Each structure stands twice: as C-alpha cells, then as structure tokens.
1. Over all directions, what mean area does the Cα convex hull of region 236-313 project, stated in square nanometres?
2. Stick to Cα atoms and the Kirkwood definition of Rh, then tell me Rg/Rh for region 203-357.
3. I'd like to compare 309-321, 235-247: which one has the highest average count of other Cβ atoms within 10 Å, and what's the full order after that?
4. Two-decimal Rg/Rh of region 197-269 from alpha-carbon positions, Kirkwood Rh?
5. With the contact rule set at Cα under 8 Å and sequence spacing of 6 or more, what percent relative contact order holds for region 200-357?
6. With +1 on each Lys and Arg Cβ and -1 on each Asp and Glu Cβ, how big is the dipole of region 207-286 about its Cα centre, in debye rounded to the nearest 20?
7. Given the whole protein assembly as supplied and a 1.4 Å probe, what does the accessible area of His334 come to in Å², nearest 10?
Amino acid sequence: MDSTDTAGWLIRILLALVVGVAGFTLIRLFKGGQARRWRDLRELLSRSMKRRVVLFLAVFATAVAVSILIPPSHLPAGWSGPAVTAMNTAWVLLAAWAATLALSALTGLVRWRYDMDVEDNLGAREVQTKVRILHRLIVIMVWFAAAAAILMQFERFRLLGGTMLASAGVLSIVLGISAQKTFGAIIAGIQIALAHPINLDDVVIVENEWGRIEEITFTYVVVRLWDMRRLVVPITYFTETVFQNWTKKSAEIIGSVFLQVDYATPLEPLRAELKRLCEGAGGLWNGKTCVLQVTDAGAESMTLRAIVSSPDASKAWDLRCLVREGLITYLNAHCPECLPRRRVLLQDTGRSRDGEP
C-alpha cells in the first residue's frame, strides 16, 4: 500500500469519525441535551417520535460511515456492482424515511399550533382533520415512489415492466373491478379532508348513537360513544348517509328540559330559579340563553320547557341534568302542591245505600 492509499484511508477514517461524532451529538441533544432551543424542540415531539428520530440518526450515520470507509470504487470488480445497488437502495430508503419523519414532525407541529383543547376549537379541528388525512396520503405516495425507485435499479424488473404494459388494459379492468370500493373509500377520505362534513372531535349522531369523532382514516372513521364504546363506521357512510353533526359550525348548543306541572304552578318564581341555577352553573352555561316557557297544556297538567345554552354538547348534558334536578327540588321545597296531580270529582247522587231517597 503506497502513501496515497494510506492517506486516502486516513481521510476516510477521519470523515467516518466526524460523522459518527456528529450523529452521537445529535442523538444526545434529542435524548437529554440542556440547550433551551433543543429542549423546546423535544417538548414538541412525542416520545415515539423521539425514538424514531434517534434510530434514524443512528442508521444514517452508520450508512454514511460505511459509504466513506468502503467506497464501491475500491471493491473488486465482482463486488462493485452489487455494492452500488445496495448503497443506492439504502439511500432511497433513508430518503423516504427522512421524508416520513419530516411529515410526522410537521403534523406534530400543527397539532401543537392548533390545539383542540381550547373552548372554541372549530378552526383547529378543521386544520387537524385536513393535515392528518393528507399526511397519510403523502406518506403512501412517498413509499410507493421509493419502492418504484428501488425496483427500477434492477434490469430484470425493467424488462418485466415492458411485458406488463402489453396487458395493462386487462389488468386495469381487473384492478378497477376488485378495488373499486377501496378507491371509493380513498376518494371519500379526500372529499372529507377538503369539504369537512366531519372533523376530529366533532359531536355526531350516527346510527342513533351520540359520540365524538376520534379517528379518521382512508377506509373508516372511529366514533367514541358517550359510554367509551367505539363505533367503527365506513368512511363512505359520511358521504352517502344523512347524519347529525352538532359542531359543524360551532360547538355551542342549546339544551332543553321538560317538566310536567300542575296548572296552579307560579311561573315567575320558577323563571327566577332557572336564572339562578344557570348563573351558578359556572362554565356549563355560556350566558346566552335561559328561557322558561309553557309549551303544552294537557287535560291534567301543563308542560314547561326550559332551554339553556352551553359551550359544547358535553357541558349541555350536565347543565340539563343540573337544571332538571334544581327545578324539581325547588318545586318540592316551595310548592309541592304544584306537582302533577290527578283530580277526581265525586258527585252525591242523593240516594241511600239501599237505593231509597
């Protein structure tokens, strides 16, 4: 080995060490560095995302070090071709992996920027729904392109592609018939991402069940019901079937409470009590609607309807229960005679028990 080869090896070893130290430093920064900006970045990334980034940096540094230490041009003639193919495949996979991680990081940044935990989260829900669906679509396209790029490196697959083009017409018909539901679901997912008939955390009524949209994929939607059950619905359901969306434009909602009371019930004290209950409900009442009305008059009692407004559906349910319990307690305590009563009129016929006057 002459001095030129020795110098080349030393340079390659030095570069590999530099890459290794840089990768190790980045891994330390992601796992436990003390710099403030890196600490802020780590707080934005989830735990699983951090592990994926650390693993990617380790694999990337290893690939760079191997390509520097063992360049394909220095291998024997029989090994250089497969080595170049292997390195190109590794770089394609690493590029697709890096693109996937970047998309996941951007999605996480959008989730942090548009927080759905705030009271008025309609805009955040729309943005997150669109970003999550588009994220899945772009990831599929990235890995599909990576697989195509890897296969195109092999001459055998390029020749096979030319043969397959001859039967592309028949193949397209077969694929169209067999995958029409899948393509329809994907198109429905894109339509939902663009038109927003539903968003994440929307309150919906599906199959007579009350729940919130928990997850949206290309093929199905997961609805978290009020009792923590999950209702899995095909995504085409929301483009082909009528359903209720209580938070389409705003999370605010009006709830109603019905009471059956006697005709002698004083209404003004009940209205004052309803107002007091709403004002004492804290965040359950949004301060807009608090009305008590007589909506029906039956043969034996009249129907009172109290309507109250809340910031969202969950709080509306709690407020309705609170108002119902409070009004019933008030009636029992202050005017129990106003509760529903059945009146029976007894008339004296003027005859004795044996029928004599």
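1. Directional mean of the projected Cα hull area for region 236-313 stands at 7.3 nm².
2. Across region 203-357, the Cα-based Rg/Rh ratio is 1.22.
3. 309-321, 235-247
4. 1.21
5. Reported as a whole number, the value is 20 percent.
6. 200
7. Ignoring ligands and nucleic acids, His334 comes out at about 120 Å².
The values are calculated or read from the model by the stated rules, or taken from the named source; none is laboratory data. Worth saying up front: this structure is predicted, and the values here are computed from it rather than measured. Backbone-built Cβ (ideal geometry, glycine too); neighbour counts: all protein chains shown. Accessible surface is based on the protein model in full, side chains and every heavy atom, while ligands, DNA and RNA are left aside. Shrake-Rupley method; radii C 1.70, N 1.55, O 1.52, S 1.80 Å.
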